[in-house]
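K.L.:
Sharing a structure below in C-alpha cells format, with a few things to ask.
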Amino acid sequence: MKKASGHLAAKIEDIVATTPVDDIHTHLYAPIFGELLLWGIDDLIVYHYLVAEAFRYLSIPYDDFWKLSKTQQAELIWKELFIKHSPISEACRGVLTTLNRLGLDVKKRDLPVLRDWFAKWRADDYTTHCMELAKVRSICTTNSPFDDAERAIWERGWKRDPRFKPALRIDPLLLSWDQAGPRLVQWGYKVKPELGAKTVSEVRRFLADWTDRMAPEYLMVSLPPDTVYPDETISSQLIEKAILPHCREFNLPFAVMPGVRRAVNPHLQLAGDGVGLSNLTALQNLCAANPQNKFLCTILARENQHELCVLARKFRNLHIFGCWWFTNIPTLVEEITRMRLELLGLSFTAQHSDARVLDQIIYKWDHSREVITRVLVQKYEALERSGWNTSPEEIRRDIQGLFGGSYREFQALKL
Ligand code: RAT
Ligand code: ZN
C-alpha cells in the first residue's frame, strides 16, 4: 500500500493549529461581568473537575473543605494532585499546558510565584491574550435569567463585546417548574402551576423578553438520561407548547445536552454530577415531530455516541457538537471524532471547550487540536491511498467547517 507523505501530515497539523475556532459552549463571561469571569491560577486549580479528583485522595470532611478560602482550597488540591502524585489526569495536565503556554515555568512548582504573575494582568487584556493564544475567535457563553448575579447585569444593559455570544440557558424552567413558576410570577409574568393557555403565553412572553435582551445564539438545557418526549410531564409540555414555538418564531436552535445525573454526590457540590445512558428516543421524536425546529446536541455517555451519529444522519435539523465534560479526554475525543467523520463526513462541530475559567481555553483547544490532527491525518492519508488529492485550501475549508463553519451553516439553514 502507498504510504502517505509526511508533507501531508505536516500541512494538516499546521492548518489545524492555525485555524481559529468558534467555541460554541462555555461557561465564561465577557470581562464586563466582573467577578463572574473566572481566571488565574487559583480558579484553574479549584476547577470542579479537579475538586472531584482531589477527593479521590483527600480524607478531610467535605464541609471542612468548602469552609476554606479559594486560596486554601487551591493549596490543598495543588499539594494532593500535583505534588503528592504526578498530575497525569486530563484536567491536571490541562493546568500545566495552560501555564506552560503562558510562558510560566511549571517545573518550579511554586504557587506564590505563579500568583504574582497573574496579579499583574487586567481581565480585559488577559481575555485578549488567552483568546489569541488559544486561537479562539468567539466564545459562546451560558446565560441564565435565573442566576441572580448575572440577571442584574443583563437588566442594566451595557455595550456588547462582539467576541462573546450569549446562549439562553433554561434548565430551571424545564427541570424545576415548581420553583421557576413562582420566580416568573415575581418578575411580573402571570403564570399558574398548571400549564393553561394563559400560562403558556406568559412563558413565551418571558422567553421573548430574554431573547430580545440577550440576542442569544440558541436556547439550551442539559437533561437527565431518563428524559422522555413527548410526555405528560410539565417539562415535556413546556418544550412542546412554549420552547419549540418560541424557537421557531425567533429562528433559534434548541440545544439539548442529555446524560447528566445531577448531584449523585451532593457533598461535592458542582463536582458531584454523574453520567447516565440516555434514551435517545426523546431526541429522535423531537427531531421527527418538529422538522421546522433546529436542534443542537452533545451527549455525555460514551455509549450514546454512536446512536447520536446515526440520528444526525437521519435528521438535517440536528447538528451535533463537541465532546462534552467526561468525554473530553484524549481517548474519547479521538474515538468520537473518528466515528463522527466516518458517519457524518464534515457536517458536525468537532469540539467546544466548556471552559469555566478563561485560561482553560488554552489547554482545552491545544489538547483537542492535537487529537483532531491525528484523526484527520489518518483520514486524508486514506483518501490519498484511494487516489484522491486534497489541496491545502480544501483541507483548510474542511477544518474551518469543523471549527465553527458547519455550525454557522446550520444556523443559517432555512427549514
Ligand atoms: O462541564 C461542566 O463544567 C459541567 O459542569 C456542566 O456545566 C455542563 O457542561 C453543562 O453545561 O451542564
Ligand atoms: Zn457546560
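Just so you know, all these numbers are worked out from the coordinates, no wet-lab data involved. From a predicted model like this one, the values you see are computed outputs, not experimental measurements. Virtual Cβ from ideal backbone geometry, glycine too; neighbours counted across all protein chains shown.
K.L.:
How many nm separate the modelled label positions at Ala119 and Asp231, each set 7 Å beyond the Cα in the direction of the Cβ?
P.N.:
Result: 5.1 nm between the two label points.
K.L.:
Order of 191-201, 234-244 by packing, highest average Cβ count within 10 Å first?
P.N.:
Most protected by this proxy first, the peptides run 234-244, 191-201.
K.L.:
Which whole-Hz couplings ³J(HN,Hα) result when phi for each residue of the stretch 291-299 is put into the Karplus expression 6.51 cos²θ - 1.76 cosθ + 1.60, θ = phi - 60°, listed in order with x for Gly and Pro?
P.N.:
Along the stretch 291-299, the couplings run x, 8, 9, 9, 10, 9, 8, 10, 10 Hz.
K.L.:
Moving on. I'd like to compare 150-158, 323-331: which one has the highest average count of other Cβ atoms within 10 Å, and what's the full order after that?
P.N.:
Ranked from most to least packed, the peptides come out as 323-331, 150-158.
K.L.:
Going down the list Lys11/Lys379; Lys11/Lys165; Lys190/Lys294; Lys190/Lys241; Lys79/Lys108; Lys70/Lys159, which pairs span over 23 Å between their C-alpha atoms? Don't skip to the answer; put the middle values down first.
P.N.:
Values: Lys11/Lys379 13 Å; Lys11/Lys165 31 Å; Lys190/Lys294 29 Å; Lys190/Lys241 16 Å; Lys79/Lys108 14 Å; Lys70/Lys159 31 Å.
Beyond 23 Å between Cα atoms: Lys11/Lys165; Lys190/Lys294; Lys70/Lys159.
K.L.:
As an exercise, find the ratio Rg/Rh for the chain from alpha-carbon atoms, using the Kirkwood inverse-distance average for Rh. Could the numbers behind the result be given before it?
P.N.:
Working: Rg = 22.0 Å, Rh = 22.7 Å.
Dividing the radius of gyration by the Kirkwood radius yields 0.97.
K.L.:
Could you give the nm distance between label points at Lys198 and Arg261, where each point is 7 Å from its Cα heading toward the beta carbon?
P.N.:
Between Lys198 and Arg261, the simple spin-label model gives 4.2 nm.
K.L.:
Under a Cβ-only charge scheme (Lys and Arg +1, Asp and Glu -1), can you give me the dipole magnitude of the stretch 41-188 about the Cα centre, in debye to the nearest 20?
P.N.:
Values: 23 positive and 21 negative charges, 111 e Å.
For the stretch 41-188, the charge dipole is close to 540 debye.
K.L.:
List the aspartates and glutamates whose Cα lies under 18 Å from the Cα of Lys414, skipping any in the same chain that are fewer than 8 positions away.
P.N.:
Glu217, Glu249
K.L.:
Let me have the 222 nm mean residue ellipticity of the chain computed from DSSP H runs of 4+ only, each contributing -39500 (n - 2.57), with the sum over all residues rounded to the nearest 500. Could you put the intermediate results ahead of the total?
P.N.:
Numbers: 20 runs with 203 residues, N = 415.
The helix contribution divided over the chain gives -14500 deg cm²/dmol.
K.L.:
Using a Förster distance of 51 Å, how high is the FRET efficiency between Asp212 and Asn285, based on the Cβ-Cβ distance and rounded to 0.05?
P.N.:
It comes out at approximately 0.95.
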